[in-house]
1. One residue is enough: does segment 141-154 have a residue meeting the conditions among the charged types (D, E, K, R) and closer than 20 Å to K223 by Cα?
2. Using the structure shown, decide if K299 is of a type in the set (D, E, K, R) and under 23 Å from the mean Cα position of the chain (by Cα).
3. Scan segment 406-440 residue by residue and report those that are of a type outside the set (G, A, S), open to solvent by 20 Å² or more (accessible area, probe 1.4 Å) and touching a residue at least 60 places away in the same chain (Cβ under 8 Å).
4. Restricting to strands (runs of 3 or more DSSP E) lying wholly in segment 125-172: which have 2 or more residues that are touching a strand residue (DSSP E or B) at 6+ places or on another chain (Cβ under 7 Å) and surrounded by fewer than 24 Cβ atoms within 10 Å (Cβ to Cβ)?
5. Consider only pairs whose beta carbons are under 7 Å apart and that are at least six residues apart or on different chains; among these, list those whose first residue lies in segment 65-84 and is hydroxyl-bearing (S, T, Y) and whose second residue is modelled with pLDDT of 90 or more and part of a loop (DSSP other than H, G, I, E, B).
6. Can you list residue pairs whose Cβ atoms sit under 6 Å apart, with the first residue in segment 297-318 being charged (D, E, K, R) and the second being part of a helix (DSSP H, G or I)? Count only pairs 6 or more apart in sequence or on different chains.
Amino acid sequence: MNNLKDIQTFYFVGIGGIGMSALARYFKMQGKAVFGYDKTSTDLTEELVAEGISVTFIDEISELQKEVISKENVLVVYTPAIPKHNKILNYFFSEEFYIVKRAELLGEVSKNTLCLAVAGTHGKTTTSAILGHLLAECNMPVTAFLGGIAENYNSNFIYKGSEITVVEADEFDRSFLQLRPDIACVTSMDADHLDIYGDAAEIETAFRTFAKLVEKEENVFIKKNLPLDGMTVAVEETADYEAQNVKIKGGAYLFDLKTPNGTLENLTFHLPGHHNLTNAIMALGMAILAGSPTDCLPKALATFKGVKRRFSYKIKSENLVLIDDYAHHPTEIDALFQAVDEMYPNDHKQIVFQPHLFSRTRDFAVGFAKSLSQFDEVVLLDIYPAREEPIEGITSEWLLNQVVSEKKRLVFKSALPEVLLKSKCRIKLLVGAGDIGAEVNKLTQKLKDEA
């Protein structure tokens, strides 16, 4: 790749993507000219425009700004999520512009820094957000590129300096193999993205290859029982980094962290669920290894507010708790249930779930049915297709037939306000990685108005 310092103009095809927008913000902060295209306007693209980034939502060559018509000093960035028929991207290819995938650019940005890479089929965004926050609060010179909006910063980008980078190492399309991490973690490696990998064995192979990118084995943190070499992490199980004396007080975890070099005592962490507590331990271990002074870590951890759509409380009252979450895999729904059941063991729980991708619904139908059946009431929306065409026979109705909860139904999004209001469950969860996220604020307001 050309020296990034020599490139003056960046064009992001799919700039509204969570990972793309963080990079766009980074280069804008570096004083570069940043432009982009995305299919639809969102809160995130509106923020980019407000920050001085020019964004078009029309896929036509005539929409390209004059600054990017010339190939000189222009770098075009895209992701695998962009359809092959996209006119703007095809124009750049036909005119032989300098074009890279997002993952390649992320690898280049982090190359000459102390690179902390967070990998795993679940937990990447929360772990990297905690890690970025810990380092920022401890005044470490960190740039963090996040795959979600960190509540503390209302952004997917944290900038406190450029000597350390925190990046999400995305396994989709094997993108994470473009990175050269100095310190890394693997939070989980469940089968997923089988449309890319084919089977679980191929995913394991990719994660092993990723872990070996780190020079020292002791610089790799792994959730205990994963088939990888590295420093193990666990909650109240013997491990190199272990949460001990875990208690719940006021909806938060209190715990001690045992490390190979001593114990950090009286830590407070506000995100529910053992999966989130494991993510916090990963982040603490990586922060310590990156040189963060340990005396500032307890306060930093206690002030972490979470990531939007990751167990986000929208309403928390005596009569109603409404939680919004991005979970889109059976393991994530299991973790969600564990968290909500631990915090609210005596309350009835309703889940509204929008399956994401026909292929994922087909591949994990048995797991989805089992995970969903833990809830007292199950409400399914139609499958969100994202990048896929329908698969014959694979529908939400087909999935719902495998759920054993007594109260279960399939509804359109338009019926959700009525369904939520009529349910007697005190705990309600809105779950999925599709466009259900766009409905959350409207539904929250409706429930508040009716309270």
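1. The answer is no; no qualifying residue exists.
2. Here the answer is no, as K299 does not meet what is asked.
3. If the condition is that a residue be of a type outside the set (G, A, S), open to solvent by 20 Å² or more (accessible area, probe 1.4 Å) and touching a residue at least 60 places away in the same chain (Cβ under 8 Å), then K424, R426, D435 are the ones that fit.
4. The strands (runs of 3 or more DSSP E) meeting that bar are 142-150, 155-159.
5. Y78/G14; T79/G14; T79/G17
6. Here the result reads R309/G437; R310/T126; K314/T444, each pair linking segment 297-318 to a residue that is part of a helix (DSSP H, G or I).
The values are calculated or read from the model by the stated rules, or taken from the named source; none is laboratory data. The structure displayed is predicted, hence computed values, not measured ones. Cβ coordinates were reconstructed from backbone atoms using ideal geometry, including for glycine residues, and neighbour counts include every protein chain displayed. Please note that ligands, DNA and RNA were not included when accessible areas were found on the heavy atoms of the full protein model with its side chains. Shrake-Rupley method; radii C 1.70, N 1.55, O 1.52, S 1.80 Å.
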